[in-house]
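The values are calculated or read from the model by the stated rules, or taken from the named source; none is laboratory data. The structure presented is a predicted model; accordingly, all values stated were derived computationally and were not measured. Every residue, glycine as well, gets a Cβ built from its backbone with ideal geometry; the counts of neighbours run over all protein chains shown. Note: areas computed on protein heavy atoms with side chains; ligands, DNA, RNA excluded. Shrake-Rupley method; radii C 1.70, N 1.55, O 1.52, S 1.80 Å.
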Amino acid sequence: MRIDAAVLRAKSLLIKSDSALLDAQVLLSFVLQKESVYLMTWPEKHLTESQQKAYEVLLVERIKGVPVAYLTGIREFWSLPFKVNNSTLIPRPDTEILVEYALKICSPQARILDLGTGTGAIILSIASELPNARCSGVDFNADAVQLAIENRQILKLNNVNIYQSDWFSQVEGRFDLIVSNPPYIDKNDHHLGEGDVRFEPLSALVAPQKGLADIRIIVADARSHLNENATLMIEHGFEQGKEVRNILRLFDFDEIKTVHDYAQNERISMAIYRGLK
Ligand SMILES: C[S@@+](CC[C@H](N)C(=O)[O-])C[C@H]1O[C@@H](n2cnc3c(N)ncnc32)[C@H](O)[C@@H]1O
């Protein structure tokens, strides 16, 4: 089968995906081990039998709903390639906004901590821009820690310490910035039954107390790990902005503000810790 025909056929099979053409292209590029521009440049080239079989296998999985990133094992974030697997969340484009704000406020030598690092997407992206910053990323899931360490090696970043910790349990010292994209979905949220989320681990997604339990722990305990005038930055659900601002206020944070994601939803709240009064 020709490349162009294979893509069109795949697109028609992936009717349930809202990114059918893109999925078809990404998966075929993966099978051919080429950039997707190759598909446009050589539409008349024919797939070999083994390429066609490999493509079919991936399409069957994608039709079942398995995320493209779990099929290819890679997701781009902050223009860097991140290895992904089902131990943690696939990095989302909206989280790049958190990286953007972190870079706006950080000095080049800042001490930065990422809680619930997963693939390492947030802290490794920050470290790639600030080679002299002293960065740490922690996760309580040993497989996620291993994955973030692999990504650190692939990206050749040597200013990031990655280790296992249940939030702050193993964290020592104080930081100029603490960032986190913690689990924040309520267990009854209908989104858990839709799209890629169905295949991601609940340990990366769901938190008790209407999704706010982990955010409460992080805000409360961050005060023992922030320097004076340091910033805490937390990603949260689009309907949680008001509650997260209240939690920050309750724990005496200052200059509390929330910024929006690409869909104009409240998504990241940040505040400054003034130190003990
Ligand atoms: C929403 S995912 C975020 C992953 C990554 N930071 C990102 O933005 O793509 C939340 C991460 O928090 C981790 N996590 C959940 N509970 C934790 C805890 N008690 N201590 C440390 N990490 C935890 C999960 O394993 C998961 O990797």
>> Would you confirm, using the coordinates I've provided, whether residue 162 is outside any helix (DSSP H, G or I), closer than 24 Å to residue 69 by Cβ, within 18 Å of the chain's Cα centre (by Cα) and within 14 Å of the ligand (Cβ to nearest atom)?
In response: yes
> Within the range 175-198, is there a residue that is of a type in the set (Phe, Trp, Tyr), more than 8 Å from the ligand (Cβ to nearest atom), free of Cβ contacts under 8 Å to residues at least 40 places away in the same chain and in the same structural domain as residue 128 (by TED's automatic domain parsing)?
Replying inline: no
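Yes or no, residue by residue, for (1) at negative phi; (2) in the same structural domain as residue 155 (by TED's automatic domain parsing); (3) open to solvent by 40 Å² or more (accessible area, probe 1.4 Å):
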position	(1), (2), (3)
59	yes, no, no
83	yes, yes, yes
95	yes, yes, no
99	yes, yes, no
107	yes, yes, yes
113	yes, yes, no
>> With the requirement that a residue be assigned to a helix (DSSP H, G or I) and surrounded by fewer than 22 Cβ atoms within 10 Å (Cβ to Cβ), what does the range 128-144 give you?
In response: 128, 129, 142, 143
>> For the range 91-114, give me each residue that is under 25 Å from residue 11 (Cα atoms) and either of a type in the set (S, T, N, Q) or touching a Ser or Thr at 6+ places or on another chain (Cβ under 8 Å) (or both).
In response: 91
> Is there any pair linking a residue in the range 104-123 that is near the ligand (Cβ under 8 Å from one of its atoms) to one that is of a type in the set (Lys, Arg), with Cβ under 8 Å and at least six apart or on different chains, and which?
Replying inline: 119/75; 119/83; 120/152
